[in-house]
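Shown next, in structure tokens, is the structure this report addresses.
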Amino acid sequence: MKNYLSITDIESLPKWVKEARSLKKNPITNKDLGANKTIGLLFFNNSLRTRLSTQKAAMNLGMEVIVMNFGNEGWALEYGDGTIMDQGTSEHIKEAAQVISQYCDIIAIRAFASLTDKAKDESEEVLNGFKKYATVPIVNMESSTGHPLQALADAITLAEHNTKDRPKVVLSWAPHPKALPHAVANSFVQMMQLQDAEFVITHPEGYELDPNITKDATIEHDQKKAFENADFVYAKNWSNYSNYGMVLNQDPDWMITKDKLGDAKFMHCLPVRRNVIVEDSVLDSQQSLVIEEANNRTYAAQLVLKKILEDLE
Ligand code: CP
């Protein structure tokens, strides 16, 4: 594998999930694979799980890890071709990506959507800028439109807790006071499209995700109806997509409650706002898988890094 930019870069999700579960049983079995190799983790945005689990995954593979908070410590990068750089940006992605490639064997990047400029966000200028100019593999640690390490961890978690041939999995929008990106929901949808499951998306009317991502997925605007006979409920807020980045709905009736959940397992990528997205009694119950999802972030990242290391020349 050269880069891991999207969950669709995986050639077989069932095979990867099986391999990740095997790695989880013996996490240091490939301790020599990353010897004398360095990964650079570049954060343009905040993180807890991604930062620590990717670092842990690299350490399990014997790699050295460099972490940089690019957002507030790096030079402001320019991405435009031919720009006269007499304004706010100090360094061009062309130099930055090539320079970092001399220090690192793999570069992993977190760069969220601005939520103010849809076209710019969808161009993935940071991720694609590094992909274009770096001379080493690139890993997406959450970009404007996708969070494929999270989706792989979610696939592992679903496999660990599924007891049916064809489970019912519901992705539910839930309220949030701030404008949040679409990345986690997008990658979850794409991951579910690689699964044999009954998959339903529920959200208030007008909160459709990008139709190029959801394609022919079932969308049910009645949350209660969507939750009927669900085996897994995956909650996530996203801001409005058509009125790009706007918060047009904070209806508390969309919060996930124990009563609504029934016997379903609860999933969320974290961080989560208690009693806004989901009530305490769900998170504090045995039905919540959120801590295991976070644990599986390590094995998702470790599998991705292992695949890349195996293909390094
Ligand atoms: N789920 C997730 O990506 O968590 P962080 O934002 O804390 O990394």
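With a Förster radius of 35 Å applied to the C-beta separation of E64 and R21, the computed FRET efficiency comes to 0.85. Computed extension length for T83-M246: 55.7 nm, one decimal, from 0.36 nm per residue of separation with the Cα-Cα distance subtracted. For the set R110, R166, solvent exposure ranked by accessible area (probe 1.4 Å, protein chains only) runs largest to smallest as R166, R110.
Taking a sphere under 12 Å around the Cβ of K258 and counting the other residues whose Cβ falls inside, with K and R at +1 and D and E at -1, yields a net charge of -4. For the stretch 3-95, applying the loop criterion from DSSP together with a ceiling of 13 other beta carbons within 10 Å to the trypsin sites (Lys or Arg not before Pro) yields K31. The slack between R273 and T257, meaning 0.36 nm per residue of separation minus the straight C-alpha distance, is 4.4 nm.
Anisotropy class assigned to the chain is oblate, per the alpha carbon gyration tensor with a/c at or over the 1.5 cut-off and a/b no larger than b/c. Helices of the chain meeting both criteria, an alpha-carbon length of 24 angstrom or more along the long axis and an average Kyte-Doolittle score not below -0.5, with helices taken as full DSSP H segments, are 290-311. In the chain, with Lys and Arg counted as +1 and Asp and Glu as -1 at Cβ, which of these residues, V272, N212, I39, has the Cα nearest the positive end of the dipole, that is, farthest along it? So the residue furthest toward the plus end is I39.
Computed extension length for L33-K164: 43.6 nm, one decimal, from 0.36 nm per residue of separation with the Cα-Cα distance subtracted. Going by the alpha-carbon gyration tensor, a ≥ b ≥ c the square roots of its eigenvalues, is the stretch 106-218 rounded (a/c under 1.5) or, if a/c is not under 1.5, prolate (a/b greater than b/c) versus oblate? It comes out oblate by the Cα gyration axes. Solvent-accessible surface of the stretch 50-185, taken per residue with a 1.4 Å probe and all protein chains present: 43 Å². From helices alone, the chain scores -10500 deg cm²/dmol at 222 nm; the rule is -39500 (n - 2.57) for each run of n ≥ 4 DSSP H residues, then divide by the residue total. What shape does the stretch 73-137 have by the C-alpha gyration tensor, where a ≥ b ≥ c are the square roots of the eigenvalues, rounded means a/c under 1.5, and otherwise prolate means a/b greater than b/c and oblate the rest? Here the stretch 73-137 falls in the oblate category. Annotation note: GluC sites (Glu not before Pro) in the stretch 187-277 located in DSSP loop regions with a Cβ neighbour count of at most 11 within 10 Å are E205.
In this simple spin-label approximation, S114 and V99 carry label points 7 Å from Cα along the Cα→Cβ vector, and these lie 2.3 nm apart. The apolar share of the surface of the stretch 96-211, taken as the fraction of accessible area on carbon and sulfur atoms (1.4 Å probe, ligands and nucleic acids excluded), comes to 46 percent.
Atom-type composition of the exposed protein surface of the stretch 16-88 places 49 percent of the accessible area on carbon and sulfur (1.4 angstrom probe).
The fraction of accessible area contributed by carbon and sulfur in the stretch 225-313 is 43 percent, rounded to a whole number (1.4 Å probe; ligands and nucleic acids excluded).
The values are calculated or read from the model by the stated rules, or taken from the named source; none is laboratory data. Here the structure is a predicted model, which means the values were calculated and not measured. Positions of Cβ are generated from backbone atoms using ideal geometry, with glycine treated the same way; all protein chains shown enter the neighbour counts. To get the accessible areas, we keep the full protein, side chains included, count just its heavy atoms, and leave off ligands, DNA and RNA. Shrake-Rupley method; radii C 1.70, N 1.55, O 1.52, S 1.80 Å.
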